[in-house]
Amino acid sequence: MIYLVLFFVLIAFYELQRRFMTDSDIDIFASIVLLFYIVKVFLGSKSLTRQLLFVCSVPIILLTFKLSYAEFFLSSLYFFFYCFRRKQNKQLFFIFICSCAIVVFWCIRNIIITGYLVYPFPAIDLFDFDWKMPISTVIIQKTYIYEWAKHLFFNINPIFDLLAFKNPSEFRNSVFCYMLILSLLSVLLISYHIVKKKINKHVCAVYFALYIGLIVALILAPDIRFLKGYIFCGLFIVCIYSLPAYMDKIRLPVKRIIVFLALILCLINEVNNLNVLKTTNPFLSCNERILNILAHPMKPIYPVEYDDYNLNGTIVYITRDEENRTFDKFPSVYDKGLPFESFRNNKIQDIRTIELRGATFQDGFRTKPEYIEILDNNVEKTVLDLTSRYK
């Protein structure tokens, strides 16, 4: 029965995440890795002590994917402590070396890209490389992440949006909001099983690391995009621990019928998506509408014009797209940003504030010295504008 639950969770994952499948960020990948880890732990709870490298290293790898999963590192600490208590010194040493290597390479990557050990945390400022991002840019980035996440989260009206069913994006957010509530309430279910001694202590430790990670991420950056991994894991845990024991006795033919009905519902949903797309964009052919409901890279619906910009003798293309998007030219940016215009949720610094460190892009970029002071002197005004805009 547990695999049937996993099947429905994966269907929900696809249907709710399909719009983001081709995004260039790693939210989707991190969510899949976390869900795989939780399923592996809950299905193989009796053999976790024989998979110490897996249970210790995956949370650390997740930390390098997304900082919102940093608190889940507590599960690795638990298994480190378990090895120490059991005096498994050889295993502990090997796992520790592997974990340190992962973190060290991640920190080196951060330093090469931004000049900071952990980005965007300006408090950890240890280096003075010429390519280091201005402290003002890091502060603005950190503020924007929090304020934008808070703005999105507290503007979701789940009951109204779910019943209205007018905006697919808002509907998805509403569903995620309900799933988040279920994930938060899962602590009651797990606590009951702990009292009844029906849960493995290792699984319990991993769960509470997951729950603490969800709470902290909800406080620091309550954006649904950053919480999806936690939410789907919480949904999976709620399902497998709330289903009655007799559900496992359901015969295989009945399970096959359930799966078949689920696939039929998915097909109906795809047909509905086609009808919605036909209404919103009637100029597309039937084949184009079918392709548009699948995951694929975004393409411009009209030609985008570009201007040439000379960056230290190298051409960079400046887009004229109304929404500042770039599609078919590389390298391309748009010419808006600090300090020439106020920060508007996209690129922080204007292209005119940076220069090449050498003759080619491979040499990297740096902020022009004359603009570093200008940016730093206006950081308080920009942060105040951000906080007031999303209040």
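The values are calculated or read from the model by the stated rules, or taken from the named source; none is laboratory data. Computed from a predicted model, the values in this text were never measured in an experiment. Neighbour counts run over all protein chains shown; Cβ positions are idealised from the backbone, glycine included. Areas reflect the complete protein model, heavy atoms only, side chains present, ligands, DNA and RNA absent. Shrake-Rupley method; radii C 1.70, N 1.55, O 1.52, S 1.80 Å.
Listing for the model above:
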item	result
Three-way shape label, the range 78-162, alpha-carbon gyration tensor, a/c 1.5	oblate
Surface share of carbon and sulfur [accessible, 1.4 angstrom probe, percent] for the range 60-155	71 percent
Approximate spin-label separation Asn377-His193, in nm, with each point projected 7 Å along Cα-to-Cβ	6.0 nm
Per-pair calculated FRET efficiency, R0 = 22 Å: Phe361 and Glu341 via Cβ, rounded to 0.05	0.35
Extended-chain gain in nm, criterion 0.36 nm per residue less alpha-carbon gap, Phe80 and Cys98	5.2 nm
Cα gyration tensor, the range 309-356 - rounded (a/c under 1.5), prolate or oblate	oblate
Probe 1.4 Å, accessible area per residue of the range 67-117, Å²	61 Å²
Flagged links, alpha-carbon separation over 26 Å, of Lys40/Lys201; Lys87/Lys196; Lys132/Lys347; Lys40/Lys228; Lys66/Lys87; Lys228/Lys336	Lys87/Lys196; Lys66/Lys87; Lys228/Lys336
Cα-based shape type of the range 38-90, given that a ≥ b ≥ c are square roots of the gyration tensor eigenvalues and the cut on a/c is 1.5	oblate
